[in-house]
1. Rounded to whole Hz and in sequence order, give me ³J(HN,Hα) for the range 33-43 from the Karplus expression 6.51 cos²θ - 1.76 cosθ + 1.60, θ = phi - 60°, writing x for Gly and Pro.
2. Using a Förster radius of 25 Å, what is the FRET efficiency between L33 and A95 based on their Cβ-Cβ separation? Nearest 0.05, please.
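Throughout, read-outs are computed from the coordinates displayed, never taken from laboratory work. Note that the structure is predicted; figures quoted are calculated from it, not measured. Please note: Cβ atoms are built from the backbone with ideal geometry, for glycine as well, and neighbour counts cover all protein chains shown.
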Amino acid sequence: MALKLALFIAMATVPAIVGATDFIVGDEDGWKLGVNYTEWAEDKDFRVGDRIVFNYVKGKHNVLSVSGPAFHSCNKTASSQLLTTGNDKIELTKAGRKWYICAIGDHCDKGMKLFIDVDEAEVPAPAPSPTGGNGNSGNSANIIASFTCSYLVGLAAIWAMVIMF
Ligand SMILES: *[C@@H]1O[C@H](CO)[C@@H](O)[C@H](O)[C@H]1NC(C)=O
Ligand SMILES: *[C@@H]1O[C@H](CO)[C@@H](O)[C@H](O)[C@H]1NC(C)=O
Ligand SMILES: [Cu+2]
């Protein structure tokens, strides 16, 4: 029992620490007409290092990264490369706002557009200890990182218990 619980905690904790998430745009609906992507994005926490994945029937849709104004007016004259594979993975490399539209026909006007706001990565990279000596010297990045870790382990433990009982 204890071993099983420990295994649960380990499994639940590892992805949280590694951090990177693949967000499938629209989940099982994918990238198509008739999905409200504002609603889809609303409860998501996009972070640097995550990826967003656009799944669609190749040739029926595509993905164009655009500016904010171009997003609002559905202006397809963008300088960025058009993605057309049907399984387009975009790595979120910088914090900030990102806008994507479908550049086929009037799909964008019909709502095939996605706006996301990307935050910095959740767990800061552990800062190398310059002195290596005093463990209490208060490296704030390390304190935050270890706090985040114990917090996640705690969450995972609670979650594992809920699942098991
Ligand atoms: C999509 O959902 C958002 C948030 O719930 C809402 O404000 C918006 O009006 C919806 N758009 C359409 C086209 O239904
Ligand atoms: C669309 O974007 C292009 C390039 O940024 C710009 O030259 C053009 O005027 C825009 N068209 C409209 C209708 O806003
Ligand atoms: Cu489309």
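1. Computed from phi, the couplings for the range 33-43 are 6, x, 10, 8, 7, 5, 5, 4, 7, 3, 9 Hz.
2. Working: r = 30 Å, r/R0 = 1.21.
Calculated transfer efficiency: 0.25.
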